[in-house]
Structure formats: structure tokens, C-alpha cells
Amino acid sequence: MSFRDYAPAPESTAILNLRPHYGLYIDGQWTEGGGGSITSISPATEKSIAEISMADSSDIDRAVLAARKSYDTVWSRMSGAERGKYLYRIARLIQERAREFAVAETLDNGKPIRETRDIDIPLVAAWFFHYAGWADKLDYAGLGPNPSALGVAGQIIPWNFPLLMLAWKVAPALAAGNTVVLKPAETTPLTALMFADICQQAGLPAGVVNIVPGHGGVAGTALVEHAGVNKIAFTGSTAVGRNIARTLAGTETRVTLELGGKGANIVFDDAAVDEAVEGIIAGIFFNQGHVCCAGSRLLVQENIQDEVVEKLTRRLATLRLGDPLDKNTDIGAVNSKAQLARITAIAETGEAEGATRWTLDCEIPSKGFWFRPTIFTNVTTSNTVARDEIFGPVLSVLSFRTPDEAIIKANNTPYGLSAGIWTQNASRMLRVADSLRAGVVWANTFNQFDPTSPFGGYKESGYGREGGRHGLAAYLANGGAR
Amino acid sequence: MSRLAIPKTYKLFIGGKFPRSESGRTTEVLSPSGKFVANVAKASRKDARDAVVAARAAWAGWSGASAYNRGQVLYRVAEMLEGRLDQFVAEIVETTGASTADARREVAAAIDCLVWHAGWTDKFAQVHGGANPVAGPFFNLSVPESTGVIALVAPSVEQSSLLGLVSSVAPALTTGNVVVVLASEHAPCAAMTFAEVLATSDIPGGVVNILSGSVAEVAPWLASHADVNAIDLTGATGEIAVECERSAAQTLMRVVRPGTFGPTESAFSRIAAFVETKTVWHTKSLA
């Protein structure tokens, strides 16, 4: 046993009250889907959690009709202040059941309990609390006169922050006066289904929120193509985002897309290096790198490259990979077998293309899906590991000599979601921040989120913003571009 | 003895210069009464590509100019247009058959549209962006930036030949975008003469590029061009608009669908359609 070993400190799962089977939540009722069912498993153990009914296109049709009916008869007629009170109730209920949600999310997703407990679930509550207050203040949002809801919003969310992405979508949609049909990801439907209970406890009118787990190619496609949907909000891959944009061409359905990224984390030689190392780790190893805004490309000034990489690998060696429910765990499981295969394949391509691979020497559990933190050095801008979004714990290191070179390299990507800057020189920070084509720039920090802070991409990272006043625009008429 | 007038050769406007179409093609423009007016250059997809290259080259300078400077330059465009008001009235009357009073109203509205946008350049970021009160020790600011190279399909003649173009171009320029605009296909003359106003008004070459020609032929190329960041389809119709939107999906280009704005509408949201919001976080500490 080394000084780094801790006694196991697993969070208890006794707080959970899971059902063996979950249906679809449509019009305030639990109902069975026509698309068969899947077994949701824990990626850390491959043990089954619950059986989940899958929606087919007729279920999506039912859900959209329910959302339309509740929009027409209840939600659009309610005052903003009353809508807001429902959202406040939801925020409070989430806080009351925060630990239960954190444990469920960790079980279903594989991310460490430290993250779900301290980041995901608190932010979910904060998101609902923030947008609750907007519901009766839309006239003050600066989005044009007489702001009005769009109607029924179809929302499709990913598996990396399951409940948080639900909150990012549902809270502003309801605040703006829309009703929603939400499809969670195939591998992480659990907390969205538990959220249906929250809606019931809050007394939310039937049909305002409908939760329909399903396969992307079936339920997702049916939702996007449904003529009764006024708005599609999607978070996920750029490839699927393109398909959605193409499908919706020529329709009146509004769309916002939050897609992939290949964020540059730029470290100048005047940075506080120890802080930068923490930020680099937070940038790419937070949530196993399953983060669209991850700082997956480290751009480090050439004269400190060796020092930074050495400190980085030394610090990484102190991280603990393993049981996500353990309160000491830093790095959990990869979300699915398919994602593990994808990460593995890209890392192999990185090696084949000549980059130098460093992998953390650590034990991995015998069951479940795991990938050791990996760093590539000697990476060129044309390498696959410097261009493709890996969505895993894999960092590519590139160097630069001048600020201009850093800016050119940082912007040399079709994506434009996030970037980081590490320097103690404030005017340099501001100048570089101005030049980066990215929707979110973190200076001397990384991966910070807040409901008041707009988030979203430039270029092929999608369009529209989530968070704050800007996030309301996605759910109100008078919007401008789609 | 009456003097023989010197008719103008209508050419394209690319990178601050007035080239003919590289294709050598022209389109005959007739007045509503059927009288010959001009052979207007008919842009090819190569011309469109050249225009995108010129626009991209001009983008850093225009988006990097101070908002105060952009405001003065847009105001200067209004000054130049005002000075040639009578010329535009005559040209619109001749090429569209509008009454003199209507033509005068249209040119006046175009001038006023430019002045309105000139005033927005140094106010838009203040109204659209802002400080975000995040729950933590951070300075957090959201600012709108230009989207980049914008392709615009200007509304067609029934909706006004000059005002439709100016109403499309001005909001994009306000925040530092650069544009490639397809002039009204049916009445391109006033649009091409507007290029002469731009050329004498301190707008840097390449910031505005104006092409006359077939929307059906050129717009889809702009919609599928990987170096175009957004497309405004206000002047496109039917299947062409749908095809452009479908092509735009490949690069996730921003799209303004037909009907989103009126053909001569000036609106805050129209300026907002071509900005990207960037949010910058910085730590605060006592150290």
C-alpha cells in the first residue's frame, strides 16, 4: 500500500428507490413504448440497473400531441409568474433529492460521484432556479417587443451530462412558455425518467413535460421530422447536427444545435504553471473527457513545453481511477462499450500517425468500460488526434512560439466551442481572447458553467446559446437566424 | 445639335474593383416598356468564389476596426448616397417603372437605413452583450462578434431594387461582417450603381462584394462554400431557398430563412442574426 492509497469510501446506493422497469412519461402518465425495451447498465460494472421502454414514431406522435394540447389549453394561457412558480418548485425538489439524483447519475453514466454531487446536480437546480425568475420577466430580456413562445419544443440530449443537459433544455423552454418533448440518450435515460417524478411532485400540468427514451434513429428522427414540433434543440455530435439542419431545411421549425468541439487550451510561458496544470487536467480529464467543450488540444509555449508535460504526467499519476461511486475517485468509467471502442481506435490512429503516446500506469477494474488517461506529444496540426473530437480522456500536445502562432493553431479547426488561456499578463489574455473563434473562453480557469453565462459554439460547433438571457432567445419568436 | 450620351458598362464589384464576369456573360436589362437599358454582367460561380476570397481577406480589417470607425464609414456611405440621390431616382424610375415620388421615397429610406445602422455600431455590443453575475469568483462577460463572411440574396424588384439590397447589407456590416451579395436578379442596375457609392465612401475593398446574375445559379454555390459563415435567404424563394438551406447544413452555416425579415426591414434582431456571442471567464483572486 503506497501513501496514495485510500480506504474505499463508496457512496451508498441505499438512497435509490429505482423501479425494475421504466416506461415513457407522456401526458402526465407512465405508458409503454412501441419500440421494445433496453436494459440500462452501469458502465462501471456492466450490471443492469433497470429495463427502459423505448419510444417508436407513434409514441413520439402521442407525446407531441400531448405537448400541443397542454400548450394550447394550459401552459400558454398561464401567467409568467405562475409558470415561474412551477420552475421554482422543480428547483427546490431537485435540491431536496440531490443526493439521490447524484447517485443515480453516477450509476447510470459512470462519472465520479464527486462530480455529480458537486457539479452536475447543483447546476441542475441552479438552472431551474435561474430560469424560474425569467418566466415573468420576458419583456425585459431585450429580445424584441411582445416576446412569445414558439409552441412545442422537441429536445434531444446527450449522455455526457444527462440531467444537466435536460435542465439546460427544459428550464428555458418552460420559462419562455413552451411545452416540451424530451428524448434522453439511449445509454443514460435514468435521471430523465426520475425527473418525471419531480414533475409529478411539483404538480406540473400533464403534457407540459414529456420524457420519451428511444433510439436516435427511431425516436430522435421521428421527433425532428414531426410537423407538430415548432422547435428542435439538439446537443450531440456534429454529424447528427448536420442531418438535423438538413432535415429541417425548408420547414418553419426553429433549430439550435450544440455540437462537437476541439478546444485549445493555450499555456503561455508567463502562466502560473502549477495552476495551468490543474486547469489542463480539469479541461480534458473532467468527466473522462466526455465533454464537448473539453480542452483536448494543449497548446504550450515551446520554451516551457517539457516542464509542463513533466508536471502534467506527475500530477496525473496522483489521480485515482476506479469505482465512480467512491468519493475519492477522480476518473470514472467510459460511458459505453461503443464509446470505448471509438476512443481506443482514435488513440491507435494517433500512434500510427507518429505521435508519441503516454498512458497513465494505473490499474483498471476487470469489469466495465475503462480508458487510461492518455497524452500524445509530437503531435502535428494535421494529425487525427489534433483534428477529430475524441470525447475521451486523451490530450494532444502541440507547441507554439509566438502569440500569433498560438491563435492561428487554436483557430485551425472546423469547431469553435471553447478555448482556454493561461497567462499572468492581463492585456495579452484579452488580446488573445478577442482573437479566438470560440463561444466560451476560460482564462486561467477551465470548464466553468453557470446558468447566467451563455454557452454555445462558433462554426461547426453549432448555433444558438444556452444560459442566461441569450438562452431564452432560442425559445422565443422574434429570434433572427433560425 | 444634341449630344450623344455615354452609357455605363455595368460590371461586378469584387474586392473594391469593378471586373467583368470572368465568364464573359452578360444579361440584357430592359425597361418595363421594353427599351434597352444595359448589358449587365452575369456572375459565374468562379466570380462568386473570387468574391468570397476578397471578403475573407477584408474581414480581419473590418471586424477589427473600432465600432466608432465602422459607424463613421457607414455614415459616409449615407453621405455619398445622399449626394447622388437624383441619379438613383432617375435610374430606379427608368429600370423599374416606379413613379418619381416612389423612387425618391425608396432612396431616402435607403439613406436613412444606413444612418440608423451607423448609429448602432458602437451600441449593439452594449445592448446585446453584458456582464453575467455567475455564482463564483469570476469576471464573466458576453460580447457579440461578427460571424464572418455572409452571403446575402437581396430581395427582388417588386420589393425594391436599392432599398432591399441596403436593408440586407447594412445590418451585416454593422457588427463587422463582410458580405457577398447577389443583387436583385430582375433589377440589378441600382444595386450595381450602389457599388460606386461604396467605392467612394471609405468602405475597404472586399468588405462588400456585389454580384449581378442568376440567383438559381450562384446562390447554391455560396451556400455550399466552406468559407462562407452564414447565408441570408431573404431574397430567395421556393426550391432554391430550400436547396441553399440544405447545402448550408454541410458546414453548419447560419441561415436566415426567407420571410424571417421583411425585405426592407431594419431591426435589432436582423443585426443580431449575424453575430456570435463569445463569453469570457476570468478568475478573481485576492492574491
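State yes or no: is A:Arg77 of a type in the set (D, E, K, R), over 18 Å from A:Ala202 (Cβ atoms) and touching a strand residue (DSSP E or B) at 6+ places or on another chain (Cβ under 6 Å)?
Values: of a type in the set (D, E, K, R): yes; over 18 Å from A:Ala202 (Cβ atoms): yes; touching a strand residue (DSSP E or B) at 6+ places or on another chain (Cβ under 6 Å): no.
So A:Arg77 fails the test.
Quick one: how many residues across the range B:112-126 are buried (at least 20 other Cβ atoms within 10 Å of the Cβ) and not polar (S, T, N, Q)? Steps first, please.
Quick first cut of the range B:112-126, residues buried (at least 20 other Cβ atoms within 10 Å of the Cβ) only: B:113-114, B:117-118, B:120-121, B:124.
Applying the additional criterion that residues be not polar (S, T, N, Q) yields B:113-114, B:117-118, B:120, B:124.
Of the residues in that region, 6 qualify.
Which numbered condition trips up A:Trp168, out of (1) within 14 Å of another protein chain (Cβ to nearest Cβ); (2) outside any loop (DSSP other than H, G, I, E, B)?
Of the numbered conditions (1) within 14 Å of another protein chain (Cβ to nearest Cβ); (2) outside any loop (DSSP other than H, G, I, E, B), the odd one out for A:Trp168 is (1).
Scan the range B:73-111 for residues that are closer than 26 Å to B:Val178 by Cβ and not in a helix (DSSP H, G or I) and jot them down.
If the condition is that a residue be closer than 26 Å to B:Val178 by Cβ and not in a helix (DSSP H, G or I), then B:Arg84 is the only one that fits.
Yes or no, residue by residue, for (1) crowded, with 20+ Cβ neighbours inside 10 Å; (2) touching an Asp or Glu at 6+ places or on another chain (Cβ under 8 Å); (3) at negative phi; (4) small (Gly, Ala, Ser):
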| residue | (1), (2), (3), (4) |
| --- | --- |
| B:Pro7 | no, no, yes, no |
| B:Lys11 | no, no, yes, no |
| B:Gly24 | no, no, no, yes |
| B:Val37 | no, yes, yes, no |
| B:Val93 | no, no, yes, no |
| B:Arg105 | no, no, yes, no |
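Mind listing just one residue for me: the one in the range A:396-424 that is polar (S, T, N, Q) and out of contact with any Lys or Arg (no Cβ under 7 Å at 6 or more places or on another chain) and, of those, surrounded by the fewest Cβ atoms within 10 Å (Cβ to Cβ)?
Only one residue fits best here, namely A:Thr402.
In the range B:177-287, which helices (runs of 4 or more DSSP H) lie fully inside it and hold 3 or more residues that are within 14 Å of chain A (Cβ to nearest Cβ) and in contact (Cβ under 8 Å) with a residue 12 or more places away in the chain?
It comes to B:215-223, B:238-248, B:268-272.
Could you say which residue among A:Ala132, A:Ala175 is surrounded by fewer than 24 Cβ atoms within 10 Å (Cβ to Cβ), in the same structural domain as A:Glu252 (by TED's automatic domain parsing) and either farther than 24 Å from A:Asp59 by Cα or of a type in the set (Asp, Glu) (or both)?
A:Ala132
For residues in the range A:193-213 being assigned to a loop (DSSP other than H, G, I, E, B) and more than 21 Å from the chain's Cα centre (by Cα), which is nearest to A:Val170 (Cα to Cα)?
Among them, the one singled out is A:Val208.
In the range B:112-148, what residues are within 11 Å of chain A (Cβ to nearest Cβ), touching a residue at least 12 places away in the same chain (Cβ under 8 Å) and either in a helix (DSSP H, G or I) or of a type in the set (Gly, Ala, Ser) (or both)?
Listed by number, the residues that qualify are B:Val127, B:His128, B:Gly129, B:Gly130, B:Ser142, B:Ser146, B:Gly148.
For the subset of the range A:419-433 comprising residues that are at the interface with chain B (Cβ under 10 Å from one of its Cβ atoms) and in a strand (DSSP E or B), which member is farthest from the chain's Cα centre (by Cα)?
A:Ile421
Mind listing whichever residues of the range A:235-268 are within 11 Å of chain B (Cβ to nearest Cβ), β-branched (Val, Ile, Thr) and farther than 25 Å from B:Glu239 by Cα?
Residue satisfying the conditions is A:Thr238 alone.
Sort out which residues of the range A:443-471 are farther than 14 Å from B:Lys278 by Cβ, facing another protein chain (nearest Cβ under 8 Å), touching a strand residue (DSSP E or B) at 6+ places or on another chain (Cβ under 6 Å) and in contact (Cβ under 8 Å) with a residue 24 or more places away in the chain, and write them in order of number.
Hits for the range A:443-471 are A:Asn444, A:Thr445, A:Gly462.
Which condition number in (1) within 23 Å of A:Leu107 (Cβ to Cβ); (2) modelled with pLDDT of 95 or more; (3) surrounded by fewer than 24 Cβ atoms within 10 Å (Cβ to Cβ) is the one that A:Phe391 fails?
Of (1) within 23 Å of A:Leu107 (Cβ to Cβ); (2) modelled with pLDDT of 95 or more; (3) surrounded by fewer than 24 Cβ atoms within 10 Å (Cβ to Cβ), only one is false for A:Phe391: (3).
For B:Gly129, all conditions in the list (1) surrounded by fewer than 22 Cβ atoms within 10 Å (Cβ to Cβ); (2) over 27 Å from A:Pro414 (Cα atoms) hold save one; what is the number of the exception?
(2)
Based on what the data block shows, is A:Ala474 hydrophobic (A, V, I, L, M, F, W, C) and at the interface with chain B (Cβ under 10 Å from one of its Cβ atoms)?
Against the criterion (hydrophobic (A, V, I, L, M, F, W, C) and at the interface with chain B (Cβ under 10 Å from one of its Cβ atoms)), A:Ala474 does not qualify.
The values are calculated or read from the model by the stated rules, or taken from the named source; none is laboratory data. Remember, predicted model here, so these are calculated numbers, not experimental data. Neighbour counts run over all protein chains shown; Cβ positions are idealised from the backbone, glycine included.
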